Amino acid sequence: MASMRDIKRRRTSIENTQQITKAMKLVSTVKLQRAKTRAEQSKYYFNSIYDTVTSILAKSEGINHPYLKAGENGKKVVIVITSNKGLAGGYNANIIKMVTRNPEFTPDNTKIYVIGKKAKDAFKRAGYEIMADFSEAIEAPNIKDGNKITDELLAGFAAGEISEIYLAYTFFKNTVSHIPTLLKLLPVDTLERYGEDKNDQADDSKVNGRDASSEESGRKSAPMNFEPEDEEALNLIIPKYMASLIYGALIEAQASENGARMQAMDNATNNATEMIDHLTLLYNRARQGSITQELTEIIAGANAIS
């Protein structure tokens, strides 16, 4: 059994750690409230612009535009959004594993744009080529960050250096649920987002007594007319589409990071409380044993004298 001094020293150390985890939980809670509000406010626009652009292109036929065709010789690019700091549970690891364990993305055919120092370190170790680092963008997401990243990516896509562009981020469902999500940005198609929980989508097949599925099929059959020409329109739409999705993903990721960190620190605080209670019990047992031993020695000495 450990000595009373060792038990007391360890209990003091855990109490100090518990104070830190409590403080970090409070800080994350405050940051989460702000980030959650931004995420909820932008979510509708984020989803609407994705659905709108994919719907436009689904109704368009025969358009020959470089943003709609995968390059033959270029590599795939994945924009990976993580945090700059740890102590957020499995938040960073889930995103990194989603990309590295995907057979479509290997170090030979994939380049990485990182947003977050944790992603940068992990993909360097895994042997991936880091094309650009925008880690500062996750601290205070801004639409300008989305525009800057978009300009670089579209230049490479137009030059044939990039064949496909994906976005890996954490979807903020609620305070305790954060879903790693992989979204294909270019070439634009109607693929669903990988990772989102389909069970959470309401059954909207009947809307106000009308068959929404038949209406949707009717809308898809209607041709899409562009004004001005389709190429000029897509040159304006696609950059805004990409920048908006990247910006929206940054906001979602920031809210998810603070939610994950708040949970992790709360769990750490609870675990520290359990360890302190256990060590207090051990300390009291050791103290009682020490008192009992002293009494025994005193009684034995008194008996020996008498």
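Could you list, in sequence order, the residues of segment 270-306 that are surrounded by 10 or more Cβ atoms within 10 Å (Cβ to Cβ) and polar (S, T, N, Q)? Listed by number, the residues that qualify are ASN270, ASN271, THR273, THR280, ASN284, GLN288, SER290, THR292, GLN293, THR296. When segment 109-126 is limited to residues that are in contact with a helix residue (DSSP H, G or I) (Cβ under 7 Å, 6 or more places away or on another chain) and in a loop (DSSP other than H, G, I, E, B), the one that is surrounded by the fewest Cβ atoms within 10 Å (Cβ to Cβ) turns out to be ALA126.
Across segment 62-108, the qualifying residues are those that are in a helix (DSSP H, G or I) and at pLDDT below 80, and the one among them that is surrounded by the fewest Cβ atoms within 10 Å (Cβ to Cβ) is LEU68.
Any residue at all in segment 10-32 that is under 18 Å from LEU236 (Cα atoms) and at pLDDT 85 or above?
no
Please identify the pairs in which a residue from segment 236-265 that is closer than 18 Å to VAL176 by Cα has its Cβ atom under 7 Å from the Cβ atom of a residue that is among the polar types (S, T, N, Q) and in a helix (DSSP H, G or I), counting only partners at least 6 apart or on another chain. Pairs found: ILE251/SER42; ASN258/SER28; ARG261/SER28; MET262/SER28; MET262/THR29; MET265/THR21; MET265/SER28. Going by the conditions given, is TYR283 among the hydroxyl-bearing types (Ser, Thr, Tyr) and more than 30 Å from the chain's Cα centre (by Cα)? In short, yes.
May I ask you to say which residue of ILE79, ILE138, ILE95, ILE130 is among the hydrophobic types (A, V, I, L, M, F, W, C), in contact with a strand residue (DSSP E or B) (Cβ under 6 Å, 6 or more places away or on another chain) and either more than 22 Å from ALA243 (Cα to Cα) or free of Cβ contacts under 8 Å to residues at least 60 places away in the same chain (or both)? Write out each step before concluding.
Numbers: ILE79 fails: either more than 22 Å from ALA243 (Cα to Cα) or free of Cβ contacts under 8 Å to residues at least 60 places away in the same chain (or both); ILE138 fails: either more than 22 Å from ALA243 (Cα to Cα) or free of Cβ contacts under 8 Å to residues at least 60 places away in the same chain (or both); ILE95 fails: either more than 22 Å from ALA243 (Cα to Cα) or free of Cβ contacts under 8 Å to residues at least 60 places away in the same chain (or both).
Among ILE79, ILE138, ILE95, ILE130, only ILE130 is among the hydrophobic types (A, V, I, L, M, F, W, C), in contact with a strand residue (DSSP E or B) (Cβ under 6 Å, 6 or more places away or on another chain) and either more than 22 Å from ALA243 (Cα to Cα) or free of Cβ contacts under 8 Å to residues at least 60 places away in the same chain (or both).
Given the structure, is ASN142 of a type outside the set (Asp, Glu) and within 18 Å of LYS184 (Cα to Cα)?
Spelling it out, it is not the case that ASN142 is of a type outside the set (Asp, Glu) and within 18 Å of LYS184 (Cα to Cα).
Does ILE299 satisfy the condition of being within 22 Å of LEU57 (Cα to Cα) and either outside any helix (DSSP H, G or I) or modelled with pLDDT under 95 (or both)? When the stated conditions are applied, ILE299 does not pass them.
Among the candidates LEU281, LEU245, the residue that is modelled with pLDDT of 90 or more, in a helix (DSSP H, G or I) and more than 30 Å from PHE172 (Cβ to Cβ) is uniquely LEU281. So the check is Cβ under 8 Å with 6+ separation or different chains; which pairs have a first residue in segment 143-161 that's in contact (Cβ under 8 Å) with a residue 40 or more places away in the chain and among the aromatic types (Phe, Trp, Tyr) and a second one that's buried (at least 20 other Cβ atoms within 10 Å of the Cβ) and not in a helix (DSSP H, G or I)? Hits for this filter: PHE157/ILE165; PHE157/LEU186.
The values are calculated or read from the model by the stated rules, or taken from the named source; none is laboratory data. Because the structure is a prediction, the values reported are computed rather than measured. FYI the Cβ positions are ideal-geometry reconstructions off the backbone, even for glycines, and counts take in every protein chain you see.
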